[in-house]
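Step one of this worksheet: look at the structure below.
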Amino acid sequence: MYDDEIPVITAIRSGARAFVLKRAFSSELLGALRMLARDGSYLSSKVSDRLLTHIQGGHLRTHKRGPLERLLARELRVLQLVARGQIRITVLLDLGLETVAAKGRP
């Protein structure tokens, strides 16, 4: 297990349905895969024990914010537009910045 629970929580918040430790036996990994194949979820017993202990003791730390979570709403919108392959002027128009763009032109 890790020194803290952040990697497990981050994985779960990102959509992971299972978490198996690297040192797990192949039988545990196979059991986890079978559970996932039945649309279930799986946590190694050491992982679930540690999480339960932290939750019950009120010691569960909040997760570290990832790079996307640190973006402002406007910045995230620009990133989404760029990811869709829209050109710069289209991005400006979509964000309502056409007047800013026009002022910057000679």
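Brief remarks on what is shown
- Here the Karplus curve 6.51 cos²θ - 1.76 cosθ + 1.60, taken at θ = phi - 60°, turns the phi angles of the range 31-37 into couplings of x, 5, 5, 5, 5, 5, 5 Hz, with x standing for Gly and Pro.
- Cα gyration tensor, the range 1-49 - rounded (a/c under 1.5), prolate or oblate: oblate
- 3J(HN,Hα) along the range 74-85: 5, 5, 5, 4, 4, 4, 4, 5, 5, 5, 7, x Hz, from the Karplus curve 6.51 cos²θ - 1.76 cosθ + 1.60 with θ = phi - 60°, whole Hz, x for Gly and Pro.
- A full extension of the chain between ALA24 and VAL82 corresponds to an added length of 16.8 nm, given 0.36 nm per residue minus the alpha carbon distance.
- Distant-in-sequence amide contacts of ALA18, defined by a placed amide H-H separation under 5 Å and a gap of 5 or more residues or a different chain, comprise TYR42.
- Karplus-derived 3J(HN,Hα) values for the range 38-49, using 6.51 cos²θ - 1.76 cosθ + 1.60 with θ = phi - 60°, are 9, 6, x, 9, 8, 10, 3, 4, 5, 5, 5, 4 Hz; glycine and proline are entered as x.
Any read-out appearing in this document is the output of simple, stated calculations on the displayed coordinates, not a laboratory observation. What you see is a predicted model, and the numbers here were worked out from it, not measured in a lab.
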